[in-house]
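The values are calculated or read from the model by the stated rules, or taken from the named source; none is laboratory data. All figures in this text were calculated on a predicted structure; none of them were measured in a lab. All Cβ positions, even for glycine, are placed from backbone atoms using ideal geometry, and neighbour counts span all protein chains on display. Accessible surface areas use protein heavy atoms only, side chains included; no ligands, DNA or RNA. Shrake-Rupley method; radii C 1.70, N 1.55, O 1.52, S 1.80 Å.
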Amino acid sequence: MIHGGQAAGPASRTPAPSIQRGSTVLLADSKQFSAATTPTYGRGGLATQDALRTALCVLEHAEDVQLYPSGLAALTGAIQALTGAGDEVLAVDTIYNPTRRFLVGTMARFGVTTRYFPPTASADEIASMITPATRLIVLESPGSLTLDMQDVPSIAAMARAHGVMTLIDNTYAAGVLFKPLDHHVDVSVQSLTKYVCGHSDVFMGMAAARGPAAAALATSAHEIGWAVSPDDAYLALRGLRTLHARLALHGAAMLTVAAWLAQQPEVIDLLCPALPGDPGHALWSRDFSGACGLLSFTLDGDGRAVDALLDTLELFGLGYSWGGFESLVIPCDAQLAKRAHMVRRSGPMLRLHVGLEHPQDLIADLRRGLDAFAATASLSEQKQEMTAA
Ligand SMILES: Cc1ncc(COP(=O)(O)O)c(C=O)c1O
């Protein structure tokens, strides 16, 4: 029972790599044991994780990629790899909220402080914040929820000239729509949970880099012991094969939904850099090759009316982790309130992830939701008028 059926040798060749499960690596002989030039332990990843890392290097134009068990772990792991006690981080205020939680909590406990700048800050304005302690600038463009654009190439070039590293959360672009490492950024991080895996059933993250940043990430991953399962790595690699096709559909459907939303009387403002007229459109057109399925908008009404909308929608699920095949919606105001440079907006804000359903079905669903919103909003108005009278 112990020796029968053990792996004998290479299997038949298939386009997809095999799922190689293994904690123990069996070394050929004592010479290989002492040379340690081949993997000697499964934690760092075997054939399946290696295949995924190779493909992600191609996607992100990177020399090396580290895998992490979630997108958040990739962000926290990479930030930890690049900083130490006494260092300071400058972060864009529109970063993914759990990244801020890590900076405020764990990093502060380990002696790393953070200051925030608004997404509109220019390279010169960020340069004026740099002190001898500044070690890392954390970017996200388009930023979470409000989708504000940053001039990433000029911020990253400025940082490099000051000897400060840059790290970007590149999850919106999925590595396809924007290539940060070609624009002087040192580390590109993605939640692979989103578009790369693409089916809302896997957690994984990656950090891609070249040169010294890649070496720092590799050392830290080795020391800390980040590991992902070969089954999950297989699913991420499988997702990569259709990533371009899915993203193109998400982006096109989002633009159809956005054009319709712009015409609806209940909608005050659309936040989406792919739309002409958005403040980030010029940077987006210069740097990005397309849009994903994310879109935010504000509404003319109150929280009760928003609840009526959310409870009426059928195709848009109420859920956070976007990038899968399905459409989702979340209210944003509670998360926005945590920002240092909060922009006051005139109405409640929602974020949509436009999935792969037919856009006309999504529009019909949204119209039903907006009807419920409008009915509740006018009831609230009538009540307010009666109270005032
Ligand atoms: C922009 C962004 N970065 C990172 C993450 C974290 O990814 P994960 O859920 O894989 O930890 C998310 C999740 O919503 C996200 O929206």
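Collect the residues in the stretch 44-93 that are touching a His at 6+ places or on another chain (Cβ under 9 Å) and open to solvent by 30 Å² or more (accessible area, probe 1.4 Å), keeping them in residue-number order.
Listed by number, the list holds a single entry, Gly44.
Can you name the number of the only condition in (1) more than 16 Å from the ligand (Cβ to nearest atom); (2) in contact with a helix residue (DSSP H, G or I) (Cβ under 8 Å, 6 or more places away or on another chain); (3) modelled with pLDDT of 95 or more that Ser327 fails?
The single condition Ser327 does not satisfy is (1).
Could you check the stretch 216-225 and list, in sequence order, the residues that are in contact (Cβ under 8 Å) with a residue 12 or more places away in the chain and either within 16 Å of the ligand (Cβ to nearest atom) or outside any loop (DSSP other than H, G, I, E, B) (or both)?
Across the stretch 216-225, the qualifying residues are Ala216, Leu217, Ala218, Thr219, Ser220, Ala221, His222, Ile224.
Here's the yes/no breakdown for (1) within 17 Å of Leu352 (Cα to Cα); (2) free of Cβ contacts under 8 Å to residues at least 24 places away in the same chain; (3) not assigned by TED's automatic domain parsing to the domain that holds Glu140:
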{"residue": "His250", "(1), (2), (3)": "yes, no, yes"}
{"residue": "Leu255", "(1), (2), (3)": "yes, no, yes"}
{"residue": "Ala259", "(1), (2), (3)": "yes, yes, yes"}
{"residue": "Ala262", "(1), (2), (3)": "yes, yes, yes"}
{"residue": "Ile268", "(1), (2), (3)": "yes, no, yes"}
{"residue": "Pro273", "(1), (2), (3)": "yes, no, yes"}
{"residue": "Ser285", "(1), (2), (3)": "no, yes, yes"}
{"residue": "Gly293", "(1), (2), (3)": "yes, no, yes"}
{"residue": "Phe316", "(1), (2), (3)": "yes, no, yes"}
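Would you say Ile2 is surrounded by 15 or more Cβ atoms within 10 Å (Cβ to Cβ) and β-branched (Val, Ile, Thr)?
It is false that Ile2 is surrounded by 15 or more Cβ atoms within 10 Å (Cβ to Cβ) and β-branched (Val, Ile, Thr).
For residues that are more than 11 Å from the ligand (Cβ to nearest atom), more than 15 Å from Leu52 (Cα to Cα) and either among the small types (Gly, Ala, Ser) or assigned to a loop (DSSP other than H, G, I, E, B) (or both), tally how many sit in the stretch 161-193.
Of the residues in the stretch 161-193, 12 are more than 11 Å from the ligand (Cβ to nearest atom), more than 15 Å from Leu52 (Cα to Cα) and either among the small types (Gly, Ala, Ser) or assigned to a loop (DSSP other than H, G, I, E, B) (or both).
Note down all Cβ pairs under 7 Å where the first residue falls in the stretch 118-144 and is at negative phi, the second is modelled with pLDDT under 95 and more than 13 Å from the ligand (Cβ to nearest atom), and they're at least six residues apart or on different chains.
Pairs found: Pro118/His341.
Is it the case that some residue within the stretch 194-212 is part of a helix (DSSP H, G or I) and either in the same structural domain as Gly45 (by TED's automatic domain parsing) or open to solvent by 10 Å² or more (accessible area, probe 1.4 Å) (or both)?
There is at least one residue in the stretch 194-212 that is part of a helix (DSSP H, G or I) and either in the same structural domain as Gly45 (by TED's automatic domain parsing) or open to solvent by 10 Å² or more (accessible area, probe 1.4 Å) (or both).
The rows are residues; the columns are (1) closer than 19 Å to Pro69 by Cβ; (2) surrounded by fewer than 16 Cβ atoms within 10 Å (Cβ to Cβ); (3) of a type outside the set (S, T, N, Q).
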{"position": "His222", "(1), (2), (3)": "yes, yes, yes"}
{"position": "Arg246", "(1), (2), (3)": "no, no, yes"}
{"position": "Ala258", "(1), (2), (3)": "no, no, yes"}
{"position": "Pro265", "(1), (2), (3)": "no, yes, yes"}
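Considering the stretch 151-176 alone, what residues qualify as being touching a residue at least 40 places away in the same chain (Cβ under 8 Å) and open to solvent by 40 Å² or more (accessible area, probe 1.4 Å)?
Residue satisfying the conditions is Asp151 alone.
Does Leu283 satisfy the condition of being assigned to a helix (DSSP H, G or I), away from the ligand (no atom under 16 Å from the Cβ) and open to solvent by less than 30 Å² (accessible area, probe 1.4 Å)?
In short, no.
So in the stretch 129-148, with the set limited to residues that are of a type in the set (S, T, N, Q) and farther than 18 Å from Ala78 by Cβ, which one is nearest to the ligand (Cβ to nearest atom)?
Among them, the one singled out is Thr146.
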